[in-house]
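Note sheet for the following structure.
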Amino acid sequence: MERLYPRLEIKLGQIENNIRKIVGLCKNSNINITGVIKGYNGIPSVSKAFVENGCANIGSSRIEQLKAMKDIDNDIETMMIRIPMLSEVEEIVKYTDISLNSELTTVEALNDKCGKLGKTHKVILMFDVGDIREGYFDVDEIVEVAKIIETDMKHIELMGVGTNIGCYGSIKPTIKNMNRLIEVAEVIEKAIERKLEIISGGATTSVTLVKDGVMPERINHLRVGEEILLNRDLVEYWGYEFNDMYDDNFILIAEIVEMKDKPSYPVGEIFIDAFGNITEYEDIGIRKKAILGVGRQDFGDHTKLIPIDTNIQIIGSSSDHLIVDITDSKITYKIGDTISFNLYYGAMLFASNSDYVAKKIIRE
Ligand SMILES: *Cc1c(COP(=O)(O)O)cnc(C)c1O
């Protein structure tokens, strides 16, 4: 059965443009980019565009997506960007060239597995500058681990250090925390008596420092997903402007299955919704409402959808239904028509992952 709707349209030509723009911007500051593919389930034909348009390699938090990449082209360099699980070291060694690490036990296991499989693997040690997600917090400890890797591990190459910011702890990248990472890198360099190849200064949010022209010189690598894929967070939350970049690369299209004039306020005794939540309802009288054949299982949270028809309001959703108010729309919708949405990161993630959403790649 070929599914028509819901459908996720992915505008590959526009994504390619965005890749070139960000790679170009960062190249001017001698920064290489890992294209991060986890936001759209790592669809390989889209991921290929990252390396074809100037990214050094591709990165994901999911080994399956990196394996799929190697399956279509074994020469594409892959980076595991979530700290590997001990239970997946074999796959890490087989399907990735580089991984971000913060546990000696795991790096030792990677080294052992490499020995058994006749492979080598590169690691970037993560240092936590304050976002309190992954990474060493103690400088002595990361230096010690770096020395052990450098001197005792035959199959592991210590490629450099990296940090992650703005993900859990909501910490902003600053000249100060970037310099802290560089300081740590330089302590390691002193201990192992050579230069590190990579100092990886973070993800999309760190692009702000490059854009401002203030990124400290020794930061030479970033891992970027959102800014290339959606170009939304830095524009909407951070107030940056990126000329000639697209922000409508992922469009979710859903079909109208019911259209009726209905009250805006539920009738009867209000209790909890399908997910056990207490919802507030505002009484704005009778409205023309449409139900679309798409639900939370396909987009997660309806507040992460942006109707392209700006006169439509999203009212609510359940697992398989999305309710929209079309009273003020200039378009006369009918049953079987579709309504399209631009997406925030969370909705892109869900829609790309849902087996119930058809995917269509548009190359223009
Ligand atoms: C997801 C992730 C990235 C990319 O984040 P974006 O905000 O999409 O650029 C980079 N590094 C790590 C470790 C990540 O988990």
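The values are calculated or read from the model by the stated rules, or taken from the named source; none is laboratory data. Being a predicted model, the structure only gives us computed values, none of them experimental. Here the Cβ positions follow ideal geometry from the backbone for every residue, glycine too, while neighbour counts run over all protein chains shown. For the accessible areas, the whole protein counts, side chains as well, though only heavy atoms, and no ligand, DNA or RNA atoms are used. Shrake-Rupley method; radii C 1.70, N 1.55, O 1.52, S 1.80 Å.
Structure values in brief
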{"item": "Net length gained if the chain between ASP283 and ASP75 were fully extended (0.36 nm per residue, minus Cα distance)", "result": "69.0 nm"}
{"item": "Net charge, ASN17 excluded, C-beta distance under 15 Å - Lys, Arg +1, Asp, Glu -1", "result": "-3"}
{"item": "Spin-label model distance (nm) - GLU90 vs GLU364, 7 Å beyond Cα toward Cβ", "result": "4.7"}
{"item": "Burial ranking of peptide ranges 269-282, 234-247, 351-364 (average Cβ count within 10 Å, highest at the top)", "result": "351-364, 234-247, 269-282"}
{"item": "Within the stretch 78-132: Cβ-based charge dipole about Cα centre, in debye rounded to nearest 20 (Lys, Arg +1; Asp, Glu -1)", "result": "260"}
{"item": "Karplus (6.51, -1.76, 1.60) ³J(HN,Hα), θ = phi - 60°, over the stretch 21-38, in Hz, Gly and Pro reported as x", "result": "5, 6, 4, x, 4, 6, 3, 4, 9, 6, 10, 8, 10, 9, x, 9, 9, 5"}
{"item": "13 Å beta-carbon shell around LEU234, net charge (K/R +1, D/E -1)", "result": "-3"}
{"item": "Kirkwood-type radius of the stretch 250-362, with distances r between different C-alpha atoms, in Å", "result": "14.7"}
{"item": "Cα coordinate range in the chain, projected on the principal axes (Å, largest first)", "result": "74, 45, 44"}
{"item": "Surface share of carbon and sulfur [accessible, 1.4 angstrom probe, percent] for the chain", "result": "48"}
{"item": "Long pairs among LYS147/LYS176; LYS116/LYS195; LYS67/LYS154; LYS119/LYS211; LYS172/LYS360, criterion Cα-Cα beyond 31 Å", "result": "LYS119/LYS211; LYS172/LYS360"}
{"item": "The chain - accessible surface per residue (Å², probe 1.4 Å)", "result": "48"}
{"item": "Net charge, GLU2 excluded, C-beta distance under 13 Å - Lys, Arg +1, Asp, Glu -1", "result": "+4"}
{"item": "Distance between modelled label sites at GLU183 and SER264, nm, 7 Å Cα→Cβ extension", "result": "5.4"}
{"item": "Set of aspartates and glutamates with alpha-carbon distance to LYS359 below 16 Å, sequence-local pairs under 8 removed", "result": "GLU2, GLU9, ASP248, GLU255, ASP298"}
{"item": "Computed lengthening from LYS172 to LYS27, 0.36 nm per intervening residue step minus Cα-Cα distance", "result": "50.0 nm"}
{"item": "Highest-first arrangement of 14-21, 69-76, 156-163, where packing means the average Cβ count within 10 Å", "result": "156-163, 14-21, 69-76"}
{"item": "Approximate spin-label separation HIS321-ASP248, in nm, with each point projected 7 Å along Cα-to-Cβ", "result": "3.0"}
{"item": "C-alpha center-to-center spacing [the stretch 18-48, the stretch 186-243] in angstrom", "result": "12"}
{"item": "Cut-off under 5 Å, modelled amide H: who pairs with HIS221 long-range", "result": "ASN32, ILE199, GLY201"}
{"item": "Helix-only mean residue ellipticity at 222 nm for the chain, each DSSP H run of n ≥ 4 adding -39500 (n - 2.57), per residue, nearest 500", "result": "-9000 deg cm²/dmol"}
{"item": "Per-residue SASA entry for ASP328, accessible area with 1.4 Å probe, Å² rounded to 10", "result": "80"}
